[in-house]
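The values are calculated or read from the model by the stated rules, or taken from the named source; none is laboratory data. Since this is a predicted model, take the numbers as computed values, not measurements. Reconstructed Cβ throughout: ideal geometry from the backbone, glycine too, with neighbour counts over all protein chains shown.
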Amino acid sequence: MCELSSSMGERRRRTHAMLFPFPCPGHINPTLKLAELLHSRGVHVTFVNTEYNQERLRRRRGGGGELRSREGFRFEAVPDGLSEEERASPDRTVKLYLSLRQNCRAPLVELARRVARCEGVPPVTCVVLSGLVSFALAVAEELAVPAFVLWGTSACGFVCTLRLRQLRQRGYTPLKDESYLTNGYLDMPIDWIAGMPTVRLGDISSFVRTLDPTSFGLRVEEEEATSCARAQGLILNTFDDLESDVLDALGNEFPRVYTIGPLAAAMHGRGGDRANGHGGPAGLSLWEEDAACMAWLDAQPAGSVLYVSFGSLAVMSLDELAEFAWGLADSYHPFLWVVRPGLVAGDRGTDALPDDFLAATKDRCFIAEWCAQEQVLQHGAVGGFLTHSGWNSTTESIWAGVPMICWPGFADQYINSRYVRDEWGIGLRLDEELRREQVAAHVEELMGGGDTAKEMRRNAAKWKAMTEAAIAPGGSSYDNLDKLVDELRQDEADAKVTRGR
Ligand code: UDP
């Protein structure tokens, strides 16, 4: 495990960041991009997966080339503590969260100490975590190094999560009974969140929708967000111009916020696709990417295709799947639809698509189980994105200049879609209760070239240009990454002074 460590280049890297994301794509992808960016700025990187994911990545495409360690960049793994039975259960993400909390602190500390014993490898000088693994703040404390949290949502999503405690204390949530979900209560305007426009209560977070005073989700979200205050700095995958008001307000609570996103764009901006040695954009894809969809896109006219994907975690009912399927069929536009294994309740995927839908759309649709989403969104044939409004997907779409149709369902996805539609003017939103007529109408509105579509495309082009400006040398995200690296170096220097005393 130590063989990579003894070259000259390695010895020059004295700042050593150990990064540990929550083990799902929405956390792994941005954390890996951050790791690559830090490495490109001369930081020694140890990227920690769970053993289960590491093995899954190795098996995929026989060998897991993406996991190749190289000078100053190594992949390591710790056990996640889940049994096979827990892994197969419908609430496996909750089980994983609890298991990591319970089982991973000591292995992470041990790992940090072990890698530092390798010849030429500097001691770990800082720990970088994604959201949902705040237990590992204690790892940094035990190692006596600073911790930084890469919170994976928008700044507005983070601020909304921070305010869940007040919403609970002021009695907005939990809801009194089931009827509050549909009686207009969730439309109540909330106008007291600093830095944010008036928003619907229901848009603040999915976690306000609970009837349970001891709601696990609500408690975890609150705890995870507030615990970021224990970190030395907060890193956000956004850029200043995109969320200036909310970032100004956040600065009053969190003095060290580093907005360095969109990470997908920043990574690409430094030539990451070629430089990372992974043969593609920085990502550890837990599912096989369907390469044939790119060839299919090549054969489609520019801007004609609607890309449809609901990320790595969303689960929809069979009825919802049918509403989407028939809405897409009735819209008569070509589409590329990612139907991930497990997207449909009952651990189902493409097998749940109605046969007559497949027959009706076979000449203008491509169904993939997973794809290289960033490349898909950047493809000239893609003109729109039907999305669950996960933050990575949203930023990847903003960077590509592709307007969206949003169908949020979890956590920050509601507030992201509120901003996409109303603040940035680059999307439409479906009602929570899905109807195929509305799906078809929205697809037509987005892809059909009417005035609304033109306006959204103009706005999307503007935000794309602002994204490029933010990540270019002299741009806010570029400069903030430099500041973050300076901060990490400073901490390393401070640690040396303390050790020398
Ligand atoms: N993704 C992908 N291929 C797909 C679907 C999604 O690579 O077919 C990636 C996507 O590019 C994004 C991540 O999976 O980086 C999903 O993250 P997001 O925050 O949008 O949603 P989550 O999965 O966390 O709900």
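The stretch 56-167 holds strands (runs of 3 or more DSSP E) entirely within its bounds, and those carrying 3 or more residues that are touching a strand residue (DSSP E or B) at 6+ places or on another chain (Cβ under 7 Å) and farther than 30 Å from TYR419 by Cβ map to 73-78.
Of all residues in the stretch 415-428, none are away from the ligand (no atom under 16 Å from the Cβ), of a type in the set (Asp, Glu) and touching a helix residue (DSSP H, G or I) at 6+ places or on another chain (Cβ under 7 Å). Kindly evaluate VAL402 against the criterion of being surrounded by 17 or more Cβ atoms within 10 Å (Cβ to Cβ) and more than 15 Å from ALA460 (Cα to Cα). Considered against the rule, which asks whether it is surrounded by 17 or more Cβ atoms within 10 Å (Cβ to Cβ) and more than 15 Å from ALA460 (Cα to Cα), VAL402 comes out as no.
For HIS379, state whether it is out of contact with any Lys or Arg (no Cβ under 9 Å at 6 or more places or on another chain), of a type outside the set (A, V, I, L, M) and over 22 Å from ARG56 (Cα atoms). Full working, then the answer.
Values: out of contact with any Lys or Arg (no Cβ under 9 Å at 6 or more places or on another chain): yes; of a type outside the set (A, V, I, L, M): yes; over 22 Å from ARG56 (Cα atoms): yes.
Yes; evaluated as a whole, the condition is true for this residue.
Scanning the stretch 297-314 for residues being under 25 Å from ASP355 (Cβ atoms), away from the ligand (no atom under 12 Å from the Cβ) and not hydrophobic (A, V, I, L, M, F, W, C) gives a total of 1. Selection of first residues in the stretch 325-346 that are within 21 Å of ALA381 (Cα to Cα) and aromatic (Phe, Trp, Tyr) and of second residues that are part of a loop (DSSP other than H, G, I, E, B) and at pLDDT 95 or above, restricted to Cβ pairs under 8 Å at least 6 apart or on distinct chains, gives the following pairs, ordered by first then second residue: TYR332/ARG364; PHE335/ARG364.
Applying the condition of being away from the ligand (no atom under 11 Å from the Cβ) and in contact with a helix residue (DSSP H, G or I) (Cβ under 7 Å, 6 or more places away or on another chain) to the stretch 22-39 and asking which residue is nearest to SER134 (Cα to Cα) yields PRO23. Against the definition (modelled with pLDDT under 95 and not charged (D, E, K, R)), how does LEU218 come out, yes or no? For LEU218, the condition - modelled with pLDDT under 95 and not charged (D, E, K, R) - is met. In summary, MET294 fulfils each of the numbered conditions (1) modelled with pLDDT under 95; (2) within 16 Å of the ligand (Cβ to nearest atom) with the single exception of condition (1).
Looking at the stretch 297-332 only, could you name the residues that are touching a strand residue (DSSP E or B) at 6+ places or on another chain (Cβ under 6 Å), buried (at least 18 other Cβ atoms within 10 Å of the Cβ) and not aliphatic (A, V, I, L, M)? Within the stretch 297-332, TYR307, SER309 meet the criteria. Applying the criterion of being of a type in the set (D, E, K, R) and within 17 Å of ASP290 (Cα to Cα) to the residues of the stretch 365-403, the residue that is farthest from the ligand (Cβ to nearest atom) is GLU369.
Matching residues to (1) over 27 Å from the mean Cα position of the chain (by Cα); (2) small (Gly, Ala, Ser):
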| residue | (1), (2) |
| --- | --- |
| ALA299 | yes, yes |
| ALA302 | yes, yes |
| VAL305 | no, no |
| VAL308 | no, no |
| ALA314 | no, yes |
| PHE324 | no, no |
| ALA329 | yes, yes |
| GLN378 | no, no |
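Quick one: which of LEU358, LEU336, LEU377 is surrounded by fewer than 24 Cβ atoms within 10 Å (Cβ to Cβ), touching a Phe, Trp or Tyr at 6+ places or on another chain (Cβ under 7 Å) and either more than 30 Å from ALA465 (Cα to Cα) or not hydroxyl-bearing (Ser, Thr, Tyr) (or both)? Steps first, answer last, please.
Values: LEU358 fails: touching a Phe, Trp or Tyr at 6+ places or on another chain (Cβ under 7 Å); LEU336 fails: surrounded by fewer than 24 Cβ atoms within 10 Å (Cβ to Cβ).
Going through LEU358, LEU336, LEU377 in turn, just one is surrounded by fewer than 24 Cβ atoms within 10 Å (Cβ to Cβ), touching a Phe, Trp or Tyr at 6+ places or on another chain (Cβ under 7 Å) and either more than 30 Å from ALA465 (Cα to Cα) or not hydroxyl-bearing (Ser, Thr, Tyr) (or both): LEU377.
You will find that of LEU201, LEU150, LEU236, LEU218, the residue that is surrounded by 23 or more Cβ atoms within 10 Å (Cβ to Cβ) and within 19 Å of PRO408 (Cα to Cα) is LEU218 and no other. For the stretch 93-140, filtered to residues that are surrounded by fewer than 18 Cβ atoms within 10 Å (Cβ to Cβ) and among the polar types (S, T, N, Q), the residue that is modelled with the lowest pLDDT is THR93. Only one entry of ALA359, ALA368 meets the criterion of being modelled with pLDDT of 95 or more, over 23 Å from the mean Cα position of the chain (by Cα), closer than 21 Å to SER304 by Cα and aliphatic (A, V, I, L, M), and that entry is ALA359.
Just so you know, in the stretch 315-333 the residues that are out of contact with any Leu (no Cβ under 7 Å at 6 or more places or on another chain) and assigned to a loop (DSSP other than H, G, I, E, B) include one that is nearest to the ligand (Cβ to nearest atom), and it is SER317.
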